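Comments concern the structure below.
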Amino acid sequence: MLIPNNNKNNLRDSIIALKNEMNAVILAHYYQDSEIQDLADFIGDSLELARKAKTTTADVIVFCGVHFMAETAKILNPEKLVLIPDLEAGCSLAESAPAEEFAEFRNSHPELLSITYINCTAAVKALSDIICTSSNAEKLIRQIPDSQKILFAPDKNLGRYLSKVTGKDMVLWNGACQVHETFSKSKIIDLKLLHPTAKIIAHPECEEALLELADYIGSTSKLLEFTRTDAATEYIVVTEPGILHQMQKALPEKTFIPAPGMDESCSCNNCPHMKLNTLEKIYNCMVNKSPGIEMEEELRIKALKPLEKMLEMS
Ligand code: 13P
Ligand code: SF4
């Protein structure tokens, strides 16, 4: 498929024209490139995007995020066409929990209630009791009686953090986000020495040693909200740097410093999956009405149950 030409303004105009023609809505996660965020109708964290996907009146959802997010939108909206600009946009957390292994573990531990992070495949959602995101997980877990043992999958770092704040003993799946594990504690300490008044704000997908340095821990939208209400003027932001775009837009007078990765020769703090999406791919998926998310109805219905439970409880 030919794109109009490589001029970004033309591309943006063509996407907007197509969007109106198709009655489409463009949803984007905070980790998308700034030009995609600026084009989107709605930008949010995983929970806000799932909620928006459930309530939109559009016929077509163009999901600028990763596969599990577009899949979630499809589970909530079977009648809508859900497009994803790049079908290869995966997630290391979703990959760390293959459905067969997860099913086997669940079968051998029937006493555990599984609270599963939304960063997982539809097949794993279908095997879970309750889905959560990083912004509602603590609230959900606090509603579970102490006598009920919990299996938290697939993010061991988020699970460990939640276990610490709620005091619940949880069995943790051994998965991690490749981006949030790339931050270097010593480099963040060096940055703090250079910027002594800066507050360190971190996503709970980071490792424990890093979270110990943080003045505030929260999901992407909670980090953004914190910088809006907090009095500091400088922040070291320990999550994927895509979020800085909205922080800088909302608070141009403040300074936001992206936390560096361990290896200076790569930009490993950028999510390689999120960054697969481009304006060209958005345009092409809208023209081609593909790639789209397809799902068997039986799987969708099973995956819907724990997602609805999450929306009910949060
Ligand atoms: P939230 O936007 O829900 O904080 O999630 C972060 C993330 O890693 C999404 O993949
Ligand atoms: Fe997955 Fe991590 Fe990328 Fe989020 S940032 S999509 S958790 S790999």
- Any residue in segment 266-285 that is under 16 Å from Q32 (Cβ atoms), under 15 Å from the mean Cα position of the chain (by Cα), more than 12 Å from ligand 1 (Cβ to nearest atom) and of a type in the set (A, V, I, L, M)? yes
- Item | Residue check for A58: among the small types (G, A, S) and within 23 Å of I131 (Cα to Cα) | no
- Message: Every residue in segment 212-226 that is under 18 Å from the mean Cα position of the chain (by Cα), among the small types (G, A, S) and under 15 Å from V165 (Cα atoms), please.
- Response: G218, S219
- Message: Within segment 111-198, considering only helices (runs of 4 or more DSSP H) that don't extend past its boundaries, which have at least 2 residues that are surrounded by fewer than 22 Cβ atoms within 10 Å (Cβ to Cβ) and within 14 Å of ligand 1 (Cβ to nearest atom)?
- Response: 137-142
- Exception for E298 within (1) touching a residue at least 60 places away in the same chain (Cβ under 8 Å); (2) more than 16 Å from ligand 2 (Cβ to nearest atom) falls at (1)
- Please determine, by comparing only the residues of segment 250-286 that are away from ligand 2 (no atom under 16 Å from the Cβ) and small (G, A, S), which one is nearest to L11 (Cα to Cα). A250
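Return yes when L224 is within 16 Å of ligand 2 (Cβ to nearest atom), among the aliphatic types (A, V, I, L, M) and free of Cβ contacts under 8 Å to residues at least 24 places away in the same chain and no when it is not.
When the stated conditions are applied, L224 does not pass them.
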- The lone exception for Y235 - which of (1) more than 12 Å from ligand 1 (Cβ to nearest atom); (2) surrounded by fewer than 20 Cβ atoms within 10 Å (Cβ to Cβ); (3) of a type outside the set (K, R); (4) at negative phi it fails: (2)
- Residue by residue through segment 137-171, note down the ones that are within 16 Å of ligand 2 (Cβ to nearest atom) and polar (S, T, N, Q). N157
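Anything in segment 72-94 that is within 16 Å of ligand 2 (Cβ to nearest atom) and not hydrophobic (A, V, I, L, M, F, W, C)? List them, or say none.
Within segment 72-94, T72, P85, D86, E88, G90, S92 meet the criteria.
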- Query: Based on what the data block shows, is P78 farther than 27 Å from G175 by Cα and part of a loop (DSSP other than H, G, I, E, B)?
  - Reply: yes
- Message: Considering only residues that are among the aliphatic types (A, V, I, L, M) and free of Cβ contacts under 8 Å to residues at least 24 places away in the same chain, which ones fall in segment 173-204?
- Response: L193, L194
- Note on the structure: For segment 81-99, the count of residues that are part of a helix (DSSP H, G or I), small (G, A, S) and within 14 Å of ligand 1 (Cβ to nearest atom) equals 2
- Message: Being touching a residue at least 40 places away in the same chain (Cβ under 8 Å) and in contact with a helix residue (DSSP H, G or I) (Cβ under 6 Å, 6 or more places away or on another chain) is the filter here; which residues of segment 146-159 pass it?
- Response: P154, D155
- Of the residues that make up segment 123-145, is at least one in contact with a Pro (Cβ under 7 Å, 6 or more places away or on another chain) and without any contact (Cβ under 8 Å) to a residue 60 or more places away in the chain? no
- Task: Provide a single number: the residues in segment 26-71 that are in contact with a Ser or Thr (Cβ under 9 Å, 6 or more places away or on another chain), small (G, A, S) and away from ligand 2 (no atom under 13 Å from the Cβ).
- Result: 3
- Query: Does any residue of segment 97-108 turn out to be in contact with a Ser or Thr (Cβ under 6 Å, 6 or more places away or on another chain) and within 26 Å of V238 (Cβ to Cβ)?
  - Reply: no
- Checked E264, E296 against criteria (modelled with pLDDT of 95 or more, surrounded by fewer than 19 Cβ atoms within 10 Å (Cβ to Cβ) and farther than 24 Å from F42 by Cα); the one match is E296
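Would you mind listing the strands (runs of 3 or more DSSP E) fully within segment 1-65 where at least 1 residues are closer than 14 Å to C285 by Cα and touching a residue at least 60 places away in the same chain (Cβ under 8 Å)? Show your work before the answer.
On the way: elements: 24-29, 42-44, 60-64.
Filter on segment 1-65 gives 24-29, 60-64.
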- Query: Only one residue in A73, A53, A97, A89 is under 14 Å from C120 (Cβ atoms) and either touching a His at 6+ places or on another chain (Cβ under 7 Å) or not acidic (D, E) (or both). Which one?
  - Reply: A97
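The values are calculated or read from the model by the stated rules, or taken from the named source; none is laboratory data. Bear in mind that the values here come from a model prediction, so they are computed numbers and not experimental data. Cβ coordinates were reconstructed from backbone atoms using ideal geometry, including for glycine residues, and neighbour counts include every protein chain displayed.
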